[in-house]
Each structure stands twice: as structure tokens, then as C-alpha cells.
1. Can you give me the relative contact order of the chain as a percent, contacts being Cα pairs under 8 Å and 6 or more apart?
2. Put +1 on the Cβ of each Lys and Arg and -1 on the Cβ of each Asp and Glu in the chain; which of M1, Q26, H14 then has its Cα farthest toward the positive end of the dipole?
3. Spin-label point model (7 Å from Cα, Cβ direction): what's the E53 to R66 distance in nm?
4. Could you give the Stokes-Einstein D for the chain in µm² per second, using the C-alpha Kirkwood radius, 20 °C, 1.002 mPa s?
Amino acid sequence: MDVQFTVKRVGVVHSCLKEKFGIPRQPGMAPSVTASLELLPPFDREEMVRELENFSHVWVQFYFHRAVDEGWKVTVRPPG
């Protein structure tokens, strides 16, 4: 059975980390790094995040758009 999913962009993550080789492999190596999620219309309404402060974590599904734009490879190249 062939199943396909359509994914719609609802927001953009903003971070100070801009280049893939500048990003730490483990989050504990950069504890002061933060990011923000900007919700795009029509998902940027207040009711979309109502009572979100009652939760300790939020799962964000993401898409590495630059990985596709630059060509996906089955193997990785470690930095350095």
C-alpha cells in the first residue's frame, strides 16, 4: 500500500546557528543557544497556542529544506 502525506508549513524556526557545521552534535555542548518558532498566518492567532504554557515540552516536526536543496546523500561527512 502506497501512502502519501502532504505537509504544510505553519511556521519558521529562527536560530543564531546558520551553518550546518557550526551546529553542535549534542545539545549539552551549547546550553545557551535558543531558538524561536514564528507561526505564519493563519496559524499565528492567539487561540492556536492557548494554554500552551501549561505544558513543559512541545514537539515540533521539521523539514530540513536546505538538505533537499543541496542534494540529499545517504552518507554523512563529519565536520573537521
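1. 30 percent
2. Checking the options against the dipole of the chain, the answer is Q26.
3. Output for this residue pair reads 3.4 nm.
4. 134 µm²/s
Quick note: the coordinates plus some simple rules give every number you see, no bench work behind them. Every value quoted in this text rests on a predicted model; they were computed, and no experiment measured them. Quick reminder, even Gly has a Cβ in these numbers, built from the backbone with ideal geometry, and neighbours come from all protein chains shown.
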